[in-house]
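A.B. asks: Supplied in structure tokens, the structure appears directly below.
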Amino acid sequence: MMAARKPLPDLADRLPQVRGRLRGEVALAPLTWFRVGGPAEILFRPADIEDLAAFLATCPADIPVMPLGVASNLLIRDGGLKGVIVRLGGEFARVRFDGDTVIAGAGALDLTVAEEACAAGLAGLEFLSGIPGTIGGAVKMNAGAYGREIVDIIESAVLVTRAGKVVTVPGDKLGLSYRHSELPEGAIVVEVTLRGRPDEPEQVAQRMQDIQARRAETQPIRARTGGSTFAKPVDANPAGRQGLGADRPRRLPGPDHGRRPGVRAALQLPDQYRRRHGERAGKPWVRKCAAASKRTPVSSCAGKSCALERSHERPL
Ligand SMILES: Cc1cc2nc3c(=O)[nH]c(=O)nc-3n(C[C@H](O)[C@H](O)[C@H](O)COP(=O)(O)OP(=O)(O)OC[C@H]3O[C@@H](n4cnc5c(N)ncnc54)[C@H](O)[C@@H]3O)c2cc1C
């Protein structure tokens, strides 16, 4: 049994006053896609953009601050996360419209944004309906599916920098590439403007249904899998991949809650598979580590308090 981790002695005392909610030792598992992982030392739910900006402006620079969507691209280790985890809900989950543009709070779910755009008769955002994250996470990861990704539809994003400045950055200045962005270090996306185009809601809804149907055909949508887990094998020669075929587990199965509560089992799967199949398995996408205050490679992350993040290096 794991001992409860104590917060840094004076962390709570060093944090500025906020209008939102600041709580210590908060279980993160219920907030994550896999429903596993340890607690946040501090969880901050800002009331609004001004509250977040004021907090970041006065939060001492040595305190790690990390935004969390719904952790559909993160596995949080059982030791939990040090520092302040920022969760954007309430005010940040609103979606509104201005002509053909959709202005979504970063805490809004991708599916909700796709559905609201559909109801408003706007096309082009259908691909979001198949991605189980938030809009903030989608910008950070340049999320995409079926040939379209955030970079194709983003006009601009409002960010709050680690120093607490609120800035609006045009989409083409966010460094968006395959499942990757170049947001300023420590910046939190709070609002995103996306471009749609007018269409009949029935047509848009039909395309969203087609996406759901394609997903259902190609992956176990009722199980909590980790989505695509392996990038394409380095060896692009089909002969080099012979024998893998359908056996290649591109999707990371979720941990078995009944027998092994915890993230360890899920983390071991890509390695087990690679031990069996070597390079032919392809590189696992789960490879980064957000440790206490800086990102370090998984291999050098000996501590228990870190999150593992998929880095999508090569398109599937
Ligand atoms: C079953 C399954 C299917 C998937 N299918 C796809 C797919 O088809 N296409 C695809 O692209 N991805 C897919 N993914 C991966 C994942 O859903 C996306 O990467 C998603 O965009 C992550 O969003 P999130 O809100 O869950 O972010 P999280 O996993 O919570 O965080 C991911 C990263 O984004 C950062 N972040 C989160 N919110 C913010 C914010 N507001 N500002 C700045 N940084 C932020 C976090 O700090 C972290 O570094 C899939 C995952 C699963 C489990």
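The values are calculated or read from the model by the stated rules, or taken from the named source; none is laboratory data. Treat the numbers as computed from the prediction; the structure is a model and nothing was measured. Calculation scope for accessible area: heavy atoms of the full protein, side chains included, ligands and nucleic acids excluded. Shrake-Rupley method; radii C 1.70, N 1.55, O 1.52, S 1.80 Å.
A.B. asks: Carbon and sulfur atoms: what percent of the 1.4 Å accessible area of segment 67-118 do they account for?
C.D. replies: Percent of accessible area from carbon and sulfur atoms in segment 67-118: 46.
A.B. asks: Right, next: Please report the orientation-averaged projected area of segment 8-90, defined via the convex hull of its C-alpha atoms, in nm².
C.D. replies: Averaged projected hull area, Cα only: 5.2 nm².
A.B. asks: Please list the equivalent ellipsoid semi-axes of segment 64-156, computed as the square roots of five times the alpha-carbon gyration tensor eigenvalues, in descending order and whole angstrom.
C.D. replies: 26, 14, 11
A.B. asks: Same structure again: If you look at just the Cα atoms of segment 95-202, how large are its Rg and its Dmax in Å?
C.D. replies: 12.9, 45
A.B. asks: By how many nm would the segment from residue 119 to residue 162 grow when fully extended, if each residue of separation counts as 0.36 nm and the alpha-carbon distance is taken off?
C.D. replies: 11.9 nm
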